[in-house]
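Enquirer: Quick one: structure below, then a few questions.
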Amino acid sequence: MAQLTTLARPYAKAAFSTAESAGQLGIWSKSLGVLGSVVSDSKVAGFLSTPSRSTGEQAQTLIDLCGAELDKQVQNFVLVLAANKRLALLPEIVQLFEQLKAEREKSVDVEVTSAFAVDAAAANQLAEVLKKRLQRDVKLTTSIDSSLIGGVVVRAGDLVIDNSVRGRLKKLAESMSV
């Protein structure tokens, strides 16, 4: 995984730089998301990994599959990736591009996992608290995991706040075994 990230990073930075200078971060984000989804499909991935296909054929097939979702600049980006035999890196490129975009926009995706459903008022209050603490706009998503027993686990990038009963019991067990 680390090697894929290393290989994908220069392409993601180049795509981000191009999109930012053209004022098209949203368009590129959408287009790259489509490309990443298409390349992640097992049939497409199999086609792209076939050595008998030329890089031009691979790129054109991918462009044709995405249709009108790709503007001329994104199509050129696909051609560059194909020429360098890097089409398989598209999902990783998309992830890195989105991280760069979130950093530029001062936003963060926050995932809140709780033992029970979180109502809208509590979610909004939590989003406001996190916005102040992280000094970024917060895009909050919630999920339910009954194995937490109670409480919540908040994930924002590499920050994890485990305020669940399961987490507390685990810490207690660790402290008692020392």
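Enquirer: List the helices (runs of 4 or more DSSP H) that sit entirely inside region 73-178 and contain at least 2 residues that are within 30 Å of residue 59 (Cβ to Cβ) and β-branched (Val, Ile, Thr). Talk me through it step by step, then tell me what you get.
Expert: Numbers: elements: 90-104, 120-134, 165-177.
Here the list reads 90-104.
Enquirer: All but one of (1) modelled with pLDDT of 90 or more; (2) farther than 30 Å from residue 32 by Cα hold for residue 133, so report the exception by its number.
Expert: (1)
Enquirer: Can you confirm whether residue 110 is surrounded by 15 or more Cβ atoms within 10 Å (Cβ to Cβ) and either on the phi > 0 side of the Ramachandran plot or at pLDDT 90 or above (or both)?
Expert: yes
Enquirer: Going through 73, 95 one at a time, which residue ends up being at pLDDT 90 or above and farther than 23 Å from residue 157 by Cα?
Expert: None of the other options fit; the residue is 73.
Enquirer: Across region 23-72, what is the number of residues that are without any contact (Cβ under 8 Å) to a residue 40 or more places away in the chain, in a helix (DSSP H, G or I) and of a type in the set (Ser, Thr, Tyr)?
Expert: Adding up the residues that qualify gives 4.
Enquirer: Test each condition in (1) surrounded by 17 or more Cβ atoms within 10 Å (Cβ to Cβ); (2) polar (S, T, N, Q); (3) under 30 Å from residue 106 (Cβ atoms) for residue 58 and report the one that comes out false.
Expert: Among (1) surrounded by 17 or more Cβ atoms within 10 Å (Cβ to Cβ); (2) polar (S, T, N, Q); (3) under 30 Å from residue 106 (Cβ atoms), the lone unmet condition for residue 58 is (3).
The values are calculated or read from the model by the stated rules, or taken from the named source; none is laboratory data. Just so it is clear, the structure is predicted and the values come from calculations on it, not from any experiment. Every residue, glycine as well, gets a Cβ built from its backbone with ideal geometry; the counts of neighbours run over all protein chains shown.
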